[in-house]
Amino acid sequence: MDLKLTEEEKLIKDTAAQFVDRELIAREGAYLKQQAPFLPPGAPARRELDPQARIELKERARQVGLWSLELPENFGGSNTSAVARVLIHREFGRSVLPFRPVSIPRFLFETKYGEPLADGTISFALAFAEAHRTGELSRLQTFYREEPEGCILRDSSSFIANPRADLFLFPAREQGTQRLGLFAIQRDMPGVTIGDEVDLTTDGIVARLMLRQCKIPSEQLLGYEYEAGAVIASEQLNIAARSLGIGLRCLAASIEHARNRVTFGRPLAQRQAIQWMLADLSIEIRTSTWLTLEAAWRADQELSYFEEAALAKKRASKMAFQAADTAIQIHGGYGVCKELPFEGFYREARLMRLLWGQEHELDRARGERFIEA
Amino acid sequence: MEFHLSSDEENLRKVVAEFVRDELVPLEPEFTNAPDIFEGSRWKSRVKSSDDPEIKRYLGIMESLEKKAEAKGLWRLDVPKQYGGTEISNVAMIAVTEELEKTAIPFEFGNHVSNILYSCKGAQIDQYLWPCIRGEKTSAFGLSEPASGADPSMLQTTATPDGEDFLINGTKMFPTFADVADFVQLFARLPGTVGHEGVTCFLVDTGTPGYRVARSIATLAGTEPCELVFENCRVHKSQVLGEVGDGWALNQAWLGNRRFQVGIRAHGQARRVLRVVADLVRHEPKAADRFAGRIGHFLGEIEALRTLTYLGAWKADQKMNVRSEAASVKLFATELLHRVTDFALEVCGPSGLHKNHVLARTFRHARATRIVEGPSEIQRHIIQRELFREGAAALALP
């Protein structure tokens, strides 16, 4: 057993940490600052990263190897390990700025979409709406059938989290055989419509991906059951890693604030109620960190890791929510102000707990396996 | 990053797994209704001197297990090589206990020696350390007092120098096994000192005039800790362990890496408790449906405990500072075992509290673990102290 980061892992982690500190956290002030002294009536506007800043950031991230993390070496990518991706997303999680590398399943680079995805001329998103409840697709109700002239996808409508993407990966089961297939669907294909965008309570948007009489060439069928499971596990690890970053940022800021803020003649740091919140949080961060790293390491070793990834995501995202909750409480009124990052983390963490497997469903699946064993 | 055990450690783990499968698991039916003579993985005090034929029969089983384990090289695993042991790493010791905890048979590989006895010098080595390693002598640990528990720096027992001797006066609470031990590792302070200063550790033989074991005290956990009284107990200066006035460091070192053993034991116990629950609900679809989620939740928490325990043991092997990890493991492990057991009783109903029921035994044991060797509140205190000392860097990856 050797839990030390290798030199290479350390380098990746430090590169990501530096990028996040210098490029993302440095821009947070401007991003979070309220633009007008008084707000117009109605709900606050959705915050968005300045499009020009996004382009610059993407370019800089690409330069230091923090973009297209799954890109194989023959495309000039870094083909990072799962452990390295956890280390990277853990650093990105420390910033509330909505900017992070998008994960693209590696098998897509072996298709005709490989090059445009690699050079960024098309953007990519997952359309796995039905995987969010249980974290798997065994009860998927979207079907397809294969005919000589192509695959016919049954009409469906589901929410997707990145509706402005050009290419979607969409799972469906074959009628009869129940075999799972992963389809690459372009937004400009006949029978594909994207509905109106809906604001989420996080700063994100969703829209419906609607398929009506959608017939697509069989070559768009790119993966099967295992690829789908790996896509889900990889997203779970991303969420877990991002949650770790949120936890660390909230903990660090809370420690700092508790040292400085004085009430009734003593710093908050000397109050047991504050100390215990942070002690309990630190345990959750520690356990979630190592569950996540172990699951990623298992992925790299080609050991089974789907259950481990699901557990890491469940515990880590819950920890991130607890971390944001604690940070808000310790920062008091400032904690809920939108000029500080904690309320943003709070909203984001609450959503992450609902993605790629809700807690009670993941628990139930684990419990059922144990009862039957 | 590498989570696998080394090949030597993996081989050892396999030997233990085989031992558990071949020697311990077949005994399970025999132990289901064993008399109440053990708690956790240890025998109760005075069991070994019992004349009860039934108890003697169980002792016979245990002795034959000890011989088998010793023949397989599973004895003295954590004893340093210079004392004839295997000196395996903390991580390997965790792996060994993880395998042992897969069965409820209360068996552990000996002989565990109180780690501070490795500070023995000169004649003490032959008089105390070697006999403990060989299993000929056992020791008790005298630190807590009627008015000093979680904060041992308040201890009041005094050791007054008198020529070549010290005169010891005071009362010690809760050393387990003091009633059967051959000697006690006693902490006392030099007159006029306070706090960590002047604390000195003595090795006091049972039977030394002025030292008596006043009584043993029944507890919820079934352990029988003792009350020790020292009245002008005269002890020669050669009985000082380490240096005069340096006892505080020994007290701090004593718990040491045992914390991680507490973690992996709770891990195994909690899993076994959940196995009992799963067996209860397996053939009742409604109950299985109702409880599957909570069983799954606790299984995940148990995995979290496991990973934290291995992390701490590994860091201890690297000689890194593990104060936070040790406190985290102790806190998380004992609180979790308690919650799991509470849940299991909820599923099982009142029959789970039948005195010999496995859940009842765990219930009684689990409550005490949240106090013994440092209550949960002290663990939180230790963790927050490190957090405010080091900031979030306390959680940096190694």
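The values are calculated or read from the model by the stated rules, or taken from the named source; none is laboratory data. Because the structure is predicted, anything quoted here is derived from the model rather than measured. Every residue, glycine among them, receives a Cβ derived from its backbone with ideal geometry; neighbour counts consider all protein chains shown.
Considering the stretch A:244-281 alone, what residues qualify as being of a type in the set (A, V, I, L, M, F, W, C) and more than 26 Å from B:LYS330 (Cβ to Cβ)? If the condition is that a residue be of a type in the set (A, V, I, L, M, F, W, C) and more than 26 Å from B:LYS330 (Cβ to Cβ), then A:ILE246, A:ALA253, A:VAL262, A:PHE264 are the ones that fit.
The sole residue among B:PRO398, B:PRO375 that is farther than 30 Å from B:ASN33 by Cβ, in contact with a Lys or Arg (Cβ under 6 Å, 6 or more places away or on another chain), within 14 Å of chain A (Cβ to nearest Cβ) and not small (Gly, Ala, Ser) is B:PRO398.
When A:ARG46 is tested against the conditions (1) over 26 Å from A:GLU343 (Cβ atoms); (2) touching a strand residue (DSSP E or B) at 6+ places or on another chain (Cβ under 8 Å), the lone failure is (1).
Residues checked against (1) modelled with pLDDT of 90 or more; (2) surrounded by 13 or more Cβ atoms within 10 Å (Cβ to Cβ):
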| site | (1), (2) |
| --- | --- |
| A:ILE55 | yes, no |
| A:GLU59 | yes, no |
| A:GLU70 | no, yes |
| A:SER81 | yes, yes |
| A:ARG85 | yes, yes |
| A:LEU108 | yes, yes |
| A:GLY114 | yes, yes |
| A:THR121 | yes, no |
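When A:ILE246, A:ILE330 are checked against the criterion of being assigned to a helix (DSSP H, G or I), more than 10 Å from chain B (Cβ to nearest Cβ) and either more than 20 Å from B:ARG389 (Cβ to Cβ) or under 17 Å from the mean Cα position of the chain (by Cα) (or both), a single residue qualifies: A:ILE246.
Taken together, A:ALA61, A:ALA30, A:ALA26, A:ALA53 contain a single residue that is assigned to a helix (DSSP H, G or I), more than 14 Å from chain B (Cβ to nearest Cβ), free of Cβ contacts under 8 Å to residues at least 12 places away in the same chain and within 23 Å of the chain's Cα centre (by Cα), which is A:ALA26.
Within the stretch A:307-327, being over 16 Å from the mean Cα position of the chain (by Cα) and either away from chain B (no Cβ under 11 Å) or closer than 18 Å to B:ALA393 by Cα (or both) holds for A:GLN322, A:ALA323, A:ALA324, A:ASP325, A:THR326, A:ALA327.
Here the helices (runs of 4 or more DSSP H) wholly within the stretch B:35-140 that include at least 3 residues being under 28 Å from B:VAL15 (Cβ atoms) and among the charged types (D, E, K, R) are B:53-71. Can you find, within the stretch B:255-301, the residue that is surrounded by the most Cβ atoms within 10 Å (Cβ to Cβ) among those that are at the interface with another protein chain (Cβ under 7 Å from one of its Cβ atoms) and β-branched (Val, Ile, Thr)? Within the stretch B:255-301, the match that is surrounded by the most Cβ atoms within 10 Å (Cβ to Cβ) is B:ILE295. Of the residues making up the stretch B:339-363, those that are surrounded by 19 or more Cβ atoms within 10 Å (Cβ to Cβ) and either of a type in the set (D, E, K, R) or away from chain A (no Cβ under 12 Å) (or both) are B:VAL340, B:THR341, B:ALA344, B:LEU345, B:CYS348, B:GLY352, B:VAL358, B:LEU359, B:ARG361, B:THR362, B:PHE363. Restricting A:ALA269, A:ALA273, A:ALA279 to those that are free of Cβ contacts under 8 Å to residues at least 60 places away in the same chain, out of contact with any Asp or Glu (no Cβ under 6 Å at 6 or more places or on another chain), surrounded by fewer than 18 Cβ atoms within 10 Å (Cβ to Cβ) and over 30 Å from A:GLU48 (Cβ atoms) reduces the list to A:ALA273.
Residue by residue through the stretch B:142-158, note down the ones that are modelled with pLDDT of 95 or more and touching a Pro at 6+ places or on another chain (Cβ under 8 Å). Those that are modelled with pLDDT of 95 or more and touching a Pro at 6+ places or on another chain (Cβ under 8 Å): B:GLY142, B:LEU143, B:SER144, B:THR158.
If the Cβ limit is 6 Å and pairs must be 6+ apart or interchain, which residue in the stretch A:223-244 that is without any contact (Cβ under 8 Å) to a residue 12 or more places away in the chain pairs with which residue that is surrounded by 21 or more Cβ atoms within 10 Å (Cβ to Cβ) and not in a helix (DSSP H, G or I)? Short answer, once both residue conditions are applied: none.
Within the set B:LEU387, B:LEU336, B:LEU397, the sole residue that is hydrophobic (A, V, I, L, M, F, W, C), buried (at least 23 other Cβ atoms within 10 Å of the Cβ) and within 20 Å of A:GLY247 (Cβ to Cβ) turns out to be B:LEU387.
Looking only at the stretch A:268-298, filter to residues that are within 17 Å of A:ALA327 (Cα to Cα) and touching a Lys or Arg at 6+ places or on another chain (Cβ under 6 Å); which one of those is farthest from the other protein chains (Cβ to nearest Cβ)? So the residue we want is A:LEU268.
In the set A:LYS4, A:LYS10, only one residue is within 14 Å of another protein chain (Cβ to nearest Cβ), assigned to a loop (DSSP other than H, G, I, E, B) and more than 18 Å from the chain's Cα centre (by Cα); that residue is A:LYS4.
When B:PHE31 is tested against the conditions (1) closer than 25 Å to B:ARG258 by Cα; (2) touching a residue at least 40 places away in the same chain (Cβ under 8 Å), the lone failure is (1). Checked against the criterion of being modelled with pLDDT of 95 or more, farther than 17 Å from B:THR138 by Cα and of a type in the set (Val, Ile, Thr), the candidates B:VAL213, B:VAL240 yield just one match: B:VAL240.
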